[in-house]
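The values are calculated or read from the model by the stated rules, or taken from the named source; none is laboratory data. As the structure is a prediction and not an experimental result, all values here were calculated from the model. Note that each Cβ is placed from the backbone with ideal geometry, even for glycine, and that neighbours are counted across all protein chains shown.
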């Protein structure tokens, strides 16, 4: 399915609960959705050396993503053509893939290179039939995407216009700073939707609205969605939620320190350190725009001293790119000039009430100083494990899943202004699933 530009109606709509609670809908996703979409399997930094692999599981399918050569990544269905055993779990390194059941083996190009006592079959085993079946694979922004549909459109076409809007941020040059995941008791779409609109901030994160109620804009971009601050506030950037502060010097320092403590993302240690010096470096009464520009200039200078070079982003492009992108179907990117906070939610089998939810932050580092953090399993959604802001979001996700099952609930009524990306999500989802399209309220 090619991305299309189609205007969203601004008329209010209602969206039913089938996509979140139906067992049949969850099972149908395994045939109608996941085999047909480009989806993030891992990041390139997870497979830096030839032979490194990651196992990506989505519902009943499992895919091996391997660096087959220095300049080539390959992907194969993770199943032995002999007796259907899965070949790999998790991540690792292999010169060849050997089935733990009967020791058949394959090279990194998917060719079968060993059948134990293969002469028993005579000439009946066709090499093409017993090779590992390929899956489409491509990269963008440092991510490795896979698509099980052999006739899928190219990844770049699928990602547009999000790819073009985000290219200036040079996301491929960022690396993991931290990674965490857990199983969460909600549908994967509930988890995704918790982060693709800013309308929830005053109600869910009131501590982040100290200086502003944070109104947002939201829109569709092909099959993807984006939202940003209606006041032009950056996420951990020039204003960082401090618009409206009586003293921008104090407001920026307070807001950035709060993000660092309560999110551990959407800003950097360098930016926080510079913000804490604003009161010393600028006189009282300095205009807000001048304070914001000083913060950016000084952060760029301090980053350069340690070998971190900022990308050159046109201010108009910066504004148009918003704060948060939803890449259909299940990846969310909160982007900045040297950082990104990202979410991925997947079904936990075919249970509509459970998902695998992953959160990670990316950052630019001096060459040779990139960390290699483990992907930590944090099953307890506590402040100690996930910080304050994410636990506030978690409190909604489980409660929403339970509320969707209420016999009194007739459907969601998303804001036609601030939740347009969510509306678009369901329009695109309905194109794949054949059901569940948003319906006009009147």
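General observations
- Hey, residue 390 modelled with pLDDT of 95 or more, closer than 30 Å to residue 48 by Cβ, part of a helix (DSSP H, G or I) and under 20 Å from the mean Cα position of the chain (by Cα) or not: yes
- Residue tally, condition under 23 Å from residue 339 (Cα atoms) and surrounded by 21 or more Cβ atoms within 10 Å (Cβ to Cβ), over segment 143-170: 7
- Matching strands (runs of 3 or more DSSP E) fully within segment 17-109 where at least 1 residues are surrounded by fewer than 16 Cβ atoms within 10 Å (Cβ to Cβ) and in contact with a strand residue (DSSP E or B) (Cβ under 7 Å, 6 or more places away or on another chain): 91-93, 96-98
- Take the conditions (1) buried (at least 22 other Cβ atoms within 10 Å of the Cβ); (2) farther than 24 Å from residue 176 by Cα; (3) touching a helix residue (DSSP H, G or I) at 6+ places or on another chain (Cβ under 8 Å); residue 267 misses just one of them, which is (2).
- Residues being under 30 Å from residue 255 (Cα atoms) and surrounded by 17 or more Cβ atoms within 10 Å (Cβ to Cβ) - total across segment 397-442: 8
- Residue match in segment 271-292 (condition: out of contact with any helix residue (DSSP H, G or I) (no Cβ under 6 Å at 6 or more places or on another chain), surrounded by 12 or more Cβ atoms within 10 Å (Cβ to Cβ) and under 20 Å from residue 169 (Cβ atoms)): yes
- Listing of strands (runs of 3 or more DSSP E) fully contained in segment 286-380 that carry 3 or more residues being modelled with pLDDT under 95 and over 24 Å from residue 428 (Cα atoms): none
- Among the candidates 241, 225, the residue that is assigned by TED's automatic domain parsing to the domain that holds residue 368, closer than 24 Å to residue 193 by Cβ and either in contact with a strand residue (DSSP E or B) (Cβ under 7 Å, 6 or more places away or on another chain) or at pLDDT below 95 (or both) is uniquely 225.
- Filtered residue count, segment 357-380, keeping only those that are touching a helix residue (DSSP H, G or I) at 6+ places or on another chain (Cβ under 8 Å) and buried (at least 19 other Cβ atoms within 10 Å of the Cβ): 4
- Residue within segment 366-378 that is farther than 29 Å from residue 159 by Cα and within 21 Å of the chain's Cα centre (by Cα) present: yes
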